[in-house]
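The structure appears below as structure tokens.
Any read-out appearing in this document is the output of simple, stated calculations on the displayed coordinates, not a laboratory observation. Worth saying up front: this structure is predicted, and the values here are computed from it rather than measured. Methodologically, a virtual Cβ is constructed for each residue, glycine included, from the backbone with ideal geometry; neighbour enumeration extends over all protein chains shown.
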Amino acid sequence: METLEAIPLNPYDSKRQMHVGSQLEGPKKEKVVKCLQSYADIFAWMPADMLRISPKIISHQLNVHLEAQPIK
């Protein structure tokens, strides 16, 4: 499995980063990194960043039988 390399999208916020494959090199990597950095302001980092999107789209439910007993 290929390892991933963290790419910071904002030098002032280390939490906001993307990951690219470590085998991506040279001009292709530079082009991908520049593209990601140029669009960093449109990525949704948390649900609150996705204004006007219904919670039905961004939430999930576990399909569990109501009669099932929890097991530790």
What do you get for the angle between helix 26-38 and the principal long axis of the chain? Use alpha-carbon atoms, 0 to 90 degrees, nearest ten. 60 degrees
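Rounded to the nearest 0.05, what FRET efficiency do Lys15 and Leu66 have when you use their Cβ-Cβ distance and R0 = 30 Å?
Approximately 0.20, to the nearest 0.05.
Where in segment 1-59 are there GluC sites (Glu not before Pro) that are in a DSSP coil and have at most 14 other Cβ atoms within 10 angstrom of their Cβ?
Here the GluC sites (Glu not before Pro) that fit, given the DSSP loop and packing criteria, are Glu2, Glu25.
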Pairs of alpha carbons in segment 4-58 whose separation is greater than 12 Å (percent): 70 percent
